[in-house]
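I have a structure I would like to understand better, so I am pasting it below and will then ask my questions one at a time.
The values are calculated or read from the model by the stated rules, or taken from the named source; none is laboratory data. No experiment lies behind these values; they were computed from the predicted model shown. Cβ placement follows ideal geometry from the backbone for every residue including glycine, while neighbour counts extend to all protein chains displayed.
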Amino acid sequence: MDNFDTTEIEGPVRDYIGYGRNIPKVHWPNDARIAINIVVNYEEGSERMKSMGDTVNEGLADNPYPVEDKYRDLATESLYEYGSRAAIWRLQRLFEKLDIPITIFGCAVALERNLAVAEWIREKGYDVCCHGWRWEEVFRLSREEEREHMKWAIESIEKTCGARPLGWYCRYGPSIHTRELVVEDGGFLYDSDSYNDDIPYFTEISNRNHLVIPYSMTLNDQWFVSPQGYGSPSDYFDALKRAFDYLWEEGSTHPRMMNIGLHPRLVGQPSRISALRDFIQYAQQKREVWFAKRADIAQHWLNNYKSFKR
């Protein structure tokens, strides 16, 4: 152990402890035991594609036979189009029927390419957490490139959706510069580039107290297209229900937050969305549940929990 080098490399210092055993007792509105945030990742039209000059084709779709990157993958492109043409409106009908507020993790270019979706977001007052200018890996960019792309994304979403994004979330994780750039911009309430807790927390960035609302991949519909993921919609419903029941039980003393991540092209298939519908209706039958937009959770935390320390 004497020879073990604990020096961290360049970038944010890791926090292995968090709240530890002293988990704060949160008071959500209406004494809810659990705050549920449903996120729709709207990426269709901003993904990697040969037609946009990218050197590789996109994955994360229901395509059992993706073509080599030297060819244009028209089949996968059409699967993404299903998300923007049909599935997003199936989700729209479900959320409006069940009167559920949602958050959009929106890629700017995707919203530019389907202004009807941007108009729907504007009409319903959903909050947009910016998912990048394109659905890109920002850790491959220089700091200056990342700052520029962030600026493009903010300006684009403000134009298409009528308001600037209040949160930030990268594809597949941030760069070592991302959080500093989010704070530097000054217009964000929070970022969600973290998976390390069940409730929000503050961290100090550039001598400022910055709010992080952790996200989660565990209940993400991406597992429908992963070999080790959901085998059926029933598996998906079971995972959602089990997570909810456990968090709801914990919430009798220490309320928690539950993240549900969706992609139109994936969960928007009829069989899968039926499982999502069944879960939402199950959760709605329970007492002390707060379905909330991410921006509402952020504002609640900023108003009430600035004294919480990790």
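How about the stretch 45-88: which of its residues are assigned to a loop (DSSP other than H, G, I, E, B), farther than 17 Å from Glu137 by Cβ and of a type in the set (Ser, Thr, Tyr)?
Tyr65, Tyr71
Can you pull out the residues in the stretch 262-296 that are out of contact with any helix residue (DSSP H, G or I) (no Cβ under 8 Å at 6 or more places or on another chain) and farther than 19 Å from Met217 by Cα?
Gln285, Arg287, Ala295, Asp296
A further question follows. For residues in the stretch 158-203 being among the aromatic types (Phe, Trp, Tyr) and touching an Asp or Glu at 6+ places or on another chain (Cβ under 8 Å), which is modelled with the lowest pLDDT?
Start the filter on the stretch 158-203 by keeping residues that are among the aromatic types (Phe, Trp, Tyr), which leaves 168-169, 172, 188, 190, 195, 201-202.
Narrowing the set further to residues that are touching an Asp or Glu at 6+ places or on another chain (Cβ under 8 Å) leaves 168-169, 172.
Details: Trp168: 98, Tyr169: 98, Tyr172: 89.
Among residues in the stretch 158-203 that are among the aromatic types (Phe, Trp, Tyr) and touching an Asp or Glu at 6+ places or on another chain (Cβ under 8 Å), the one modelled with the lowest pLDDT is Tyr172.
Can you find, within the stretch 282-310, the residue that is surrounded by the fewest Cβ atoms within 10 Å (Cβ to Cβ) among those that are modelled with pLDDT under 95 and in a loop (DSSP other than H, G, I, E, B)?
Per the stated criteria, the residue is Ser307.
Name the single residue that is surrounded by the fewest Cβ atoms within 10 Å (Cβ to Cβ) among those in the stretch 13-43 being of a type in the set (D, E, K, R) and touching a residue at least 40 places away in the same chain (Cβ under 8 Å). Reasoning before the result, please.
As a first pass, look at the stretch 13-43 and keep what is of a type in the set (D, E, K, R): 14-15, 21, 25, 31, 33, 43.
Still in the running and touching a residue at least 40 places away in the same chain (Cβ under 8 Å): 15, 25, 31, 33, 43.
On the way: Asp15: 12, Lys25: 7, Asp31: 11, Arg33: 21, Glu43: 25.
Among those residues, the one meeting the criterion is Lys25.
Just to verify a result, which residue in the stretch 204-221, among those that are modelled with pLDDT under 95 and touching a helix residue (DSSP H, G or I) at 6+ places or on another chain (Cβ under 8 Å), is farthest from Ile280 (Cα to Cα)?
Ser206
Counting only residues that are under 15 Å from Asp127 (Cα atoms) and part of a loop (DSSP other than H, G, I, E, B), which one in the stretch 90-111 is farthest from the chain's Cα centre (by Cα)?
Only one residue fits best here, namely Ile100.
Let me ask something else about it. When you scan the stretch 133-153, how many residues do you find that are out of contact with any helix residue (DSSP H, G or I) (no Cβ under 6 Å at 6 or more places or on another chain) and either in contact (Cβ under 8 Å) with a residue 40 or more places away in the chain or under 24 Å from Arg85 (Cβ atoms) (or both)?
3
To continue, here is another question. Which one of Tyr236, Tyr246 is in contact with a helix residue (DSSP H, G or I) (Cβ under 6 Å, 6 or more places away or on another chain) and at negative phi?
Numbers: Tyr246 fails: in contact with a helix residue (DSSP H, G or I) (Cβ under 6 Å, 6 or more places away or on another chain).
Sole residue among the options that is in contact with a helix residue (DSSP H, G or I) (Cβ under 6 Å, 6 or more places away or on another chain) and at negative phi: Tyr236.
Within the stretch 173-223, can you find the residues that are touching a Phe, Trp or Tyr at 6+ places or on another chain (Cβ under 8 Å) and closer than 20 Å to Glu145 by Cβ?
Within the stretch 173-223, Gly173, Pro174, Ser175, Ile176, Thr178, Val182, Phe188, Asp191, Asp193 qualify.
If you don't mind, there's one more thing I want to ask. Any residue that is hydroxyl-bearing (Ser, Thr, Tyr) and free of Cβ contacts under 8 Å to residues at least 24 places away in the same chain - is there at least one of those in the stretch 280-303?
no
Restricting to the stretch 178-197, name every residue that is buried (at least 18 other Cβ atoms within 10 Å of the Cβ) and either under 14 Å from the mean Cα position of the chain (by Cα) or in contact (Cβ under 8 Å) with a residue 60 or more places away in the chain (or both).
Listed by number, the residues that qualify are Arg179, Leu189, Tyr190, Asp191, Ser192, Asp193, Ser194, Asp197.
Give Val138, Val109 a once-over and let me know the one that is within 15 Å of Ile157 (Cα to Cα), surrounded by 15 or more Cβ atoms within 10 Å (Cβ to Cβ) and touching a Lys or Arg at 6+ places or on another chain (Cβ under 8 Å). Can you show your working first?
Values: Val138 fails: within 15 Å of Ile157 (Cα to Cα).
Matching residue, one of Val138, Val109: Val109.
Separate question: In the set Ser226, Ser234, which member is polar (S, T, N, Q) and in contact (Cβ under 8 Å) with a residue 40 or more places away in the chain? First the steps, then the outcome.
Numbers: Ser226 fails: in contact (Cβ under 8 Å) with a residue 40 or more places away in the chain.
The conditions single out Ser234.
Yes or no, residue by residue, for (1) over 23 Å from Ile104 (Cα atoms); (2) assigned to a loop (DSSP other than H, G, I, E, B); (3) at pLDDT below 95; (4) not charged (D, E, K, R):
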| position | (1), (2), (3), (4) |
| --- | --- |
| Asp238 | yes, no, no, no |
| Ala243 | no, no, no, yes |
| Glu249 | yes, no, no, no |
| Arg265 | no, no, no, no |
| Arg272 | no, no, no, no |
| Ile280 | no, no, no, yes |
